[in-house]
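Data first, discussion second: the structure below is written as structure tokens.
The values are calculated or read from the model by the stated rules, or taken from the named source; none is laboratory data. From a predicted model like this one, the values you see are computed outputs, not experimental measurements. Counting neighbours? That spans all protein chains shown, and the Cβs are built from the backbone with ideal geometry, glycine included. With ligands, DNA and RNA removed, areas are computed over all heavy atoms of the protein, side chains included. Shrake-Rupley method; radii C 1.70, N 1.55, O 1.52, S 1.80 Å.
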Amino acid sequence: MSPNFKLQCHFILIFLTALRGESRYLELREAADYDPFLLFSANLKRELAGEQPYRRALRCLDMLSLQGQFTFTADRPQLHCAAFFIGEPEEFITIHYDQVSIDCQGGDFLKVFDGWILKGEKFPSSQDHPLPTAERYIDFCETGLSRRSIRSSQNVAMIFFRVREPGNGFTLTIKTDPNLFPCNVISQTPNGKFTLVVPHQHRNCSFSIIYPVVIKISDLTLGHVNGLQLKKSSAGCEGIGDFVELLGGTGLDPSKMIPLADLCYPFHGPAQMKVGCDNTVVRMVSSGKHINRVTFEYRQLEPYELENPNGNSIGQFCLSDL
């Protein structure tokens, strides 16, 4: 795997892995005051459901998968801070400013980004997001409290902030709303099953899994005879207008990843592929003329599967077996 991507996403991977923890609620609640990674525990999320709103301090570098109220107060100049928010695949995230006390004139800032961005790589990519990149940033120092609530276009969002004066900071509330047709998704877990549906919409949708995985596609419905075409020709499936592609790579942005396979035609699988990349994406391209649907399962590769590849492999950037 790419050391560069691991450095960029190290704490994200720790948070995502923490979802698999099986610790008891009281242990987690006590430990969460000292270890924010434990706040991604599925057990804790279930137990806290009846205690809303959940409240805690926000850290300079943080990630949240819980609804609740979060307060950041600078104890010293904090110049490079970010908080990542992630919901379930079928959720939007709403960020509401309850109170903000920062010095915009003195160089402080508080910005929401619709999606995630790391080292210049964005999810969703510019090709897949409905808004131009510049409009995905909402700067509090420009809008003030005239725009107190900001809703994401997918299950992830983030804030960037700088607070120089000790004692200054902000309080915000995180809520989620149902998304009937989720388009761009980052998976919280390394194992799962999902159906991506694009109903008569001219848009591209990406489902990202930040783990090396085995992908099994069980059903594909497109508006236009059965088959899986490996991406060997320059044309591929792009001339058809509606297709699914499997991408692998070492960054966050799907537009910068390597196409591994095209699925151009409807079929009832399974079609299985092993992708040993740092990030794996199932991406659907839709013309808007049809109702397109793809159902797939995924599971994280075991270490021995990464160490002992078999079949066809693409070793120069990551392991890939069909």
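Among the residues of the range 108-121, how many are under 13 Å from Asp139 (Cα atoms) and surrounded by fewer than 22 Cβ atoms within 10 Å (Cβ to Cβ)?
Just the residues of the range 108-121 that are under 13 Å from Asp139 (Cα atoms), to begin with: 108-114.
Right, trim to surrounded by fewer than 22 Cβ atoms within 10 Å (Cβ to Cβ) and you get 109, 111, 113.
Looking only at that region, the number is 3.
Keeping to the range 132-181, report how many residues are over 24 Å from Ser101 (Cα atoms) and not in a helix (DSSP H, G or I).
Counting residues in the range 132-181 that are over 24 Å from Ser101 (Cα atoms) and not in a helix (DSSP H, G or I) gives 11.
Show me the strands (runs of 3 or more DSSP E) entirely contained within the range 189-308 in which 3 or more residues are under 30 Å from Thr133 (Cβ atoms) and modelled with pLDDT of 85 or more. Spell out how you get there, then give the answer.
On the way: elements: 192-199, 204-209, 213-221, 243-249, 258-263, 267-276, 279-285, 291-300.
The qualifying strands (runs of 3 or more DSSP E) are 192-199, 204-209, 243-249, 258-263, 279-285, 291-300.
Restricting the first residue to the range 166-183 and requiring it to be open to solvent by 30 Å² or more (accessible area, probe 1.4 Å), which pairs with a second residue that is acidic (Asp, Glu) and at pLDDT 95 or above meet a Cβ separation below 6 Å and a spacing of at least six or different chains?
Within 6 Å, the pairs are Pro166/Asp75; Thr176/Glu91.
For the range 76-131: of the residues being assigned to a strand (DSSP E or B) and among the small types (Gly, Ala, Ser), which is farthest from Val281 (Cα to Cα)?
Within the range 76-131, the match that is farthest from Val281 (Cα to Cα) is Ser101.
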